[in-house]
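Since the structure comes first, as structure tokens, the remarks are kept for the end.
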Amino acid sequence: MASILKVNTLTGASTAGSIAVTGEGNSTTTNLQQGLIKAWARLNPNTLQDSLNTTSILDNGTGDFEYNFTNNMGNANYSLFGSGNSLAGNTGVCITNSNANNENSASLCRFIYTAGNGADTADDPGYAYYQVAGDLA
């Protein structure tokens, strides 16, 4: 018989912000909060279409975007991932790189989009996506 648990808030018993979840095989546990995406967004030519914990974007020039967090990360040492496609249609794919100057901070992350034609030329994305995992402040 299936059970349904309906709650509005989950809180750890010994530490409020820490909930352990038993993994597959019942031999390990993982921390629920550590496994959640803390920010994400979908960008369609310079417009934020939908997002979580992303208050705004800043267009720094061709292919250069900053995503500003609504709630800061705990530090600049989070994990981020981005992808996109080329607005110019060079190859239909845009390679997404975190910026070379390491300007990510607790309040924002920055991506440089380049054309997927091997030339590494800056290119505005048609669609761009990013996700951040790590600790919130």
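3J(HN,Hα) along segment 121-137, derived from phi through the Karplus expression 6.51 cos²θ - 1.76 cosθ + 1.60 where θ = phi - 60°, amounts to 8, 4, 8, 5, x, x, 10, 9, 9, 8, 9, 10, 10, x, 9, 6, 5 Hz, with x in place of Gly and Pro.
Among the trypsin sites (Lys or Arg not before Pro) in segment 1-53, which ones are in a DSSP loop with at most 14 other Cβ atoms within 10 Å of the Cβ? Mind listing them? The qualifying sites are K6.
Within the full protein context, the accessible area of L43 is estimated at about 0 Å² for a probe radius of 1.4 Å.
Between amide H atoms placed 1.01 Å from N, distances below 5 Å from L136 occur with G74, all of them 5 or more places distant or on a separate chain. Where does the charge balance sit around R110 when Lys and Arg score +1, Asp and Glu -1, over other residues with C-beta under 14 Å from its C-beta? It works out to a net charge of -4.
The 3J(HN,Hα) values that the Karplus relation (6.51, -1.76, 1.60; θ = phi - 60°) gives for segment 77-82 are, in residue order, 9, 8, 9, 9, 9, x Hz. Gly and Pro appear as x.
The values are calculated or read from the model by the stated rules, or taken from the named source; none is laboratory data. What you see is a predicted model, and the numbers here were worked out from it, not measured in a lab. All Cβ positions, even for glycine, are placed from backbone atoms using ideal geometry, and neighbour counts span all protein chains on display. Just so you know, the surface numbers come from the protein's heavy atoms only, side chains and all, with ligands and any DNA or RNA stripped out. Shrake-Rupley method; radii C 1.70, N 1.55, O 1.52, S 1.80 Å.
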